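Each reported figure results from applying straightforward, stated rules to the coordinates on display, with no laboratory input. For clarity, every value in this text was computed on a predicted model and none was experimentally measured. When we count neighbours, we look across all protein chains shown, and the Cβ atoms used for this are built from the backbone with ideal geometry, even at glycine.
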Amino acid sequence: MTTTKPPSRGAFIWGGLLLAALAFGLGLAAYLGSEVKPQANAQSDGPGGPFTLVASDGKPFTLANVGGKPYAIYFGFTRCPDVCPTSLAKMARLRARMGKDGEKFAMLFVSVDPGHDKPKDIGQYVTLFGTPIIGLTGSEAQLAAIEKSYGVYVAKVPQPGGDYTIDHTAAIYLMDARGGFQNMIGHDESDDAALAKLKQLVG
Amino acid sequence: MIMRLAATLMLATLTGAASPAFAHAGHHTAARQTIAITNAWARETAPAQVNGGGFLTFTNKGKVADRLVSASSPVAPTVQLHTMSMDGGVMRMRELPDGIPVPAQSVVELKPGGMHIMFIGLKAPLKPGQSVALTLRFEKAGLVKVAMPVHAIADIGQNMGGGHDHH
Ligand SMILES: [Cu+2]
């Protein structure tokens, strides 16, 4: 018990401080690293890619129609009373905060409810948000294709009375100009965190 | 609890909500119920959008638990009580068939990202500036009428914060 001299109290304190400093340094490095590096680089095997959908005027709309800009794309349906308008309103708000940079990306809203939402209806819906949003839908096959390539979950849930609602992925996908996945904004992500991702998208 | 209640009432004042509607139990009820309703609003809808959502806050100051059983409105033939959940990034909206419990001495918020009043089959689009008449039926407090001002669709979400990652 008394054969080895216990380290002095001072050594404990200095050791503790050193460890704390080291941990802080590592934490800071990890934090900075995550802030600086894109969370996912555009990859050909990632979600995304070309698509063919239908615009609000009924005409075909493809990746080429986005106009060579990066884009934010959100999948939903107009009868969704909460998460869809909240997400689109958030995008409109963030774009306004970006000023001129807000024009450097396109915003796409894809209705995954062709049973209820006609192209013209979607066009009217997106105008309510006060910022240019491209309202799209497609045939069942076109939508199935983009849901698959973008990794979007969509499921019709029958309701009593014969109608249905739709369970769907509520994230906003951020894509580069070639349709490659860049990042994602989660439904409950703060405005500041989402804004940082958008700045990175257009940066 | 008192702080939370005060905060909610204060928020209602700050956001310019109309003076709270109070629900009083019928005279035959043993325990007199009082439920205050604040922060009532409905979301604007697009012309072809036949479903819409409404939100409000209940404050049960009484000592007896109550329950919102159903709601009705002249704007739509069907009005349901819904909840929304996020599950692995997927939004799921479901009806609450048993209504919404309002425990004694509690504040229950229906707000974006959680529960809402769902208007199904809107007869006309909900436009900002308009007010939606809503009748709520509570198990104990009985019928309560409330007016829900319609807010612009893009106006909202400010105070929902999404503050999960403040550093
Ligand atoms: Cu609903």
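Quick notes
- Estimated inter-spin distance, A:LYS120 and A:ASP57, nm [label 7 Å along Cα→Cβ]: 1.5 nm
- DSSP bridge pairs, the range A:47-142: antiparallel proportion in percent, nearest 5: 35 percent
- For A:VAL152, the amide hydrogen comes within under 5 Å of no other amide hydrogen, counting only partners 5 or more places away or on other chains and with H modelled in the peptide plane.
- For the peptide B:89-98, the mean number of other protein chain Cβ atoms found within 10 angstrom of a residue's Cβ is 6.
- Distance between the 7 Å Cα→Cβ label points at A:LYS100 and B:GLU139: 6.1 nm.
- Each 10 Å bin from 0 upward holds the following percent of the Cα-Cα pairs of the range B:34-159: 13, 45, 34, 8, 0.
- Just so you know, the Cα atoms of the range A:78-203 work out to an Rg and Dmax of 14.9, 49 Å.
- Considering only alpha-carbon pairs that sit under 8 angstrom and 6 or more positions apart, the relative contact order computed for the range B:34-159 is 35 percent.
- Alpha-carbon centroids, the range B:69-122 and the range A:58-104: separation in whole Å: 27 Å
- Estimated vicinal HN-Hα couplings, Hz - the range B:82-97 in sequence order (Karplus 6.51, -1.76, 1.60; Gly, Pro = x): 10, 10, 10, 10, 10, 9, x, x, 9, 8, 10, 10, 9, 6, 9, x
- If a spin label sat at a point 7 angstrom from the Cα of A:SER149 along the line to its beta carbon, the backbone N atoms of the range A:168-203 nearer than 14 Å would be those of A:175-181.
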